[in-house]
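S.K.: Sending over a structure as structure tokens; questions will come in a sec.
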Amino acid sequence: MRKGLTFLRGIAVAACAALPLAAAAAPHANTVVASVNGEEITIGHMVMARENLPEQYKQLPDEVLYNAILDQLIQQTALKQQLHGEVPHYVQLSVENEERAMLAANVIEMIMAKASTEEKLRAAYDEKYSSGDGGDEFHAAHILVDSEEDALDVKKELDAGADFATLAKEKSTGPSGPNGGDLGWFTTGRMVPEFEQAVLKLQSGEVSGPVQTQFGWHVILLHERRKTEAPEFDEVRAQLADELRQKAVEDRVNELTAAAEIEQSEIEDLDPAILKDLSLVRN
């Protein structure tokens with residue numbers, strides 16, 4: 001669906017008489033600003049049309065934008081009335097998808113709002129930092145290769161006494177390779193889960209076996225582990241809110257899908273490439 005302003009020239013709008021606002025009532029979402037052949041356009045329609053515009057359009061002066069949006073909605077209404085109520089199948093499918101996505105997003109917003117109240121943020125801070133420290137911080141390096149076999153070969157060379165940094169410069173395909181594989185200091189939550197779990201099991205100076213992540217196969221060296229001081233509440237407020245919201249959404253989605261009756265059809269000879277065939281919905 002095309003978004004933004006479309007200025008269509010040559011369409012007669014003289015017949016679309018603007019309806020006067022009641023003098024005693026302040027304008028609201030259902031206030032009618034125009035009608036086209038009896039079909040009403042409201043301030044609510046205009047508000048949502050503006051909300052969906054690219055940011056550069058929103059910078060226009062309010063009066064200019066108001067008139068442009070109203071013109072657009074009038075033009076669109078006159079055009080779509082030419083279908084005489086018939087809705088093309090692909091449009092109906094798009095509307096259903098958009099409605100599904102927007103309603104799901106609305107539920108997610110409610111879940112996140114409930115999960116990140118001031119009380120819950122304070123409780124999460126106390127639970128995470130009650131010991132007075134900010135948890136562990138790690139200084140590690142890694143050698144990234146394409147296969148488990150390559151990672152095993154790297155581990156054998158290291159076990160035989162090869163220098164980690166030198167081997168990383170020679171064999172690592174990751175961006176840290178030229179720097180000897182050094183990743184610097186990082187805290188939990190900064191690395192992908194598989195990598196982090198491997199680091200948590202290592203002692204200082206220890207080298208891991210092959211670890212697979214979405215990036216490939218890693219051999220990890222933990223240089224050092226240390227404790228950090230607990231941050232102030234305001235320093236981690238946003239991070240705690242994100243963590244609480246994400247967990248709340250994941251838990252609720254898992255709960256709902258587990259409780260729902262979900263049936264997935266088994267279709268023989270279904271080629272996933274069928275999704276590229278727009279002719280299926282444009283007939």
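S.K.: Yes or no: L53 within 22 Å of H28 (Cβ to Cβ) and part of a loop (DSSP other than H, G, I, E, B)? Lay out the reasoning, then the answer.
M.R.: Values: within 22 Å of H28 (Cβ to Cβ): yes; part of a loop (DSSP other than H, G, I, E, B): yes.
So L53 fits the description; yes.
S.K.: Within the range 113-134, is even one residue within 26 Å of Q214 (Cβ to Cβ), surrounded by 11 or more Cβ atoms within 10 Å (Cβ to Cβ) and at pLDDT 95 or above? Walk me through how you get there before you give the answer.
M.R.: First, the residues of the range 113-134 that are within 26 Å of Q214 (Cβ to Cβ): none.
No - not one qualifying residue is present in the range 113-134.
S.K.: Right, another one. Which ones in the range 187-242 are charged (D, E, K, R), assigned to a loop (DSSP other than H, G, I, E, B) and more than 17 Å from G135 (Cα to Cα)? Even if it seems obvious, please write down each step before you answer.
M.R.: Within the range 187-242, the first condition is being charged (D, E, K, R), and the residues that meet it are 190, 194, 196, 201, 206, 224-227, 229, 232, 234-235, 237, 242.
Those still in the list that are assigned to a loop (DSSP other than H, G, I, E, B) too: 190, 201, 206, 232.
Scanning the range 187-242 gives a single hit, E206.
S.K.: Select from the range 239-283 the residues that are touching a helix residue (DSSP H, G or I) at 6+ places or on another chain (Cβ under 6 Å) and either basic (K, R) or over 26 Å from S116 (Cβ atoms) (or both) and list them in ascending order.
M.R.: Correct list: R245, R252, V281, R282.
S.K.: Please determine, by comparing only the residues of the range 242-272 that are without any contact (Cβ under 8 Å) to a residue 60 or more places away in the chain, closer than 21 Å to A105 by Cα and of a type in the set (V, I, T), which one is surrounded by the most Cβ atoms within 10 Å (Cβ to Cβ).
M.R.: Filtering first and then ranking leaves V253.
S.K.: Would you mention how many residues in the range 205-241 are of a type in the set (G, A, S), surrounded by 17 or more Cβ atoms within 10 Å (Cβ to Cβ) and touching a His at 6+ places or on another chain (Cβ under 8 Å)?
M.R.: Residues meeting the conditions: 1.
The values are calculated or read from the model by the stated rules, or taken from the named source; none is laboratory data. The structure displayed is predicted, hence computed values, not measured ones. Cβ sites come from the backbone with ideal geometry, for glycine too, and all protein chains shown count toward neighbours.
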